[in-house]
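The values are calculated or read from the model by the stated rules, or taken from the named source; none is laboratory data. No experiment lies behind these values; they were computed from the predicted model shown. Glycine gets a Cβ as well: all are built from the backbone with ideal geometry, and neighbour counts include every protein chain shown. All accessible areas refer to the heavy atoms of the entire protein, side chains included, with ligands and DNA or RNA removed. Shrake-Rupley method; radii C 1.70, N 1.55, O 1.52, S 1.80 Å.
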Amino acid sequence: MIKVAIIEDNTTIREGLGALINGTGGYSCVGSYPDCESFLAKLETLSVDVILMDIGLPGMSGIDGISRAKKIKPELNILMLTVYEDNQSVFKALCAGACGYLVKKTPPSRLLEAIKDAYEGGAPMSSLIARQVITVFQQNSNTISVEESMDLSAREKEVLNSLAEGNNYQEIADRLFISVDTVRHHIRNIYRKLHVHSQSEAVAKAIRRGLI
C-alpha cells in the first residue's frame with residue numbers, strides 16, 4: 001500500500017485527488033492539507049510514502065515547504081503537482097529536494113503511475129519538464145570528464161539517456177528489452193559511479209560532464 005499525503009489549497013482539486021487515490025487499489029490517502037503549515041505540524045507522526053505538493057499555497061510556498069519537510073524527514077518523496085511550468089519554479093523545486101515535477105493537467109492514470117514511480121525511487125517528470133531540465137543543463141554544459149565517461153558502460157549511458165528523456169523504469173525496460181530489476185541495478189551503478197543520490201542529480205551531472 002502506497003501511503004500518499006496531499007498539500008493543495010483548492011478544495012475541489014484536493015478532494016478529487018483524495019478520491020482518486022483512495023479509489024485505486026494499492027493506494028491510500030493518509031492526509032489532506034490546504035497549506036504547508038498544517039501539513040508540517042502533523043509530519044513528525046505521519047506515516048507517509050509520497051507527498052503531492054502544490055507550489056502556489058497560502059502562507060508558506062510549496063518550495064519552502066519542501067525544505068522544511070525534508071529537514072523533518074530527509075527520506076521523504078515529494079512530488080510537485082502544480083500549474084507552474086517555468087524553468088525557475090522547476091529548478092527551485094528540484095534543488096529544494098523534490099523528487100519529481102508534474103503539472104496539474106497530468107491525466108489521472110499518469111499521476112498514479114508517477115506516485116508509484118516516486119515510491120520506487122524514480123524521478124517522474126512530464127516530458128515537457130524533462131526537456132526543460134535538459135535544455136538548461138546543456139546551455140550550462142562546460143567541461144567533460146573523460147575519467148567519468150570511461151567509467152560508465154554503454155548500457156548505463158543508454159539508461160541515463162532514457163532517464164533524461166523522462167522515461168520511467170518500466171518504459172526504460174521496455175525500450176531496452178531488459179527487466180525493471182535490471183534497470184534498477186544499472187541505476188544503482190550509475191549513482192555509485194557519478195557520486196549522486198537521485199535521478200535528477202544523475203541526469204544533471206551526466207549532461208554537465210557531456211556523458212549523454
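Out of the residues in the range 71-96 that are in contact with a Lys or Arg (Cβ under 8 Å, 6 or more places away or on another chain) and open to solvent by 20 Å² or more (accessible area, probe 1.4 Å), which is nearest to Ser61 (Cα to Cα)? This residue is Ala96. The residue that is modelled with the lowest pLDDT, among those in the range 40-87 that are within 19 Å of Ala130 (Cβ to Cβ) and of a type in the set (S, T, N, Q), is Asn87.
Taking the numbered list (1) open to solvent by less than 40 Å² (accessible area, probe 1.4 Å); (2) modelled with pLDDT of 95 or more in turn, Glu37 passes all entries but (1). One residue stands out in the range 179-206 among those that are assigned to a loop (DSSP other than H, G, I, E, B) and open to solvent by less than 40 Å² (accessible area, probe 1.4 Å): the one that is modelled with the lowest pLDDT, namely Ser198. So, in the range 41-59, how many residues would count as being open to solvent by 30 Å² or more (accessible area, probe 1.4 Å) and of a type in the set (A, V, I, L, M, F, W, C)? Here the count works out to 1.
In this entry, Glu8 passes the filter for residues that are within 28 Å of Glu201 (Cα to Cα) and of a type outside the set (Phe, Trp, Tyr).
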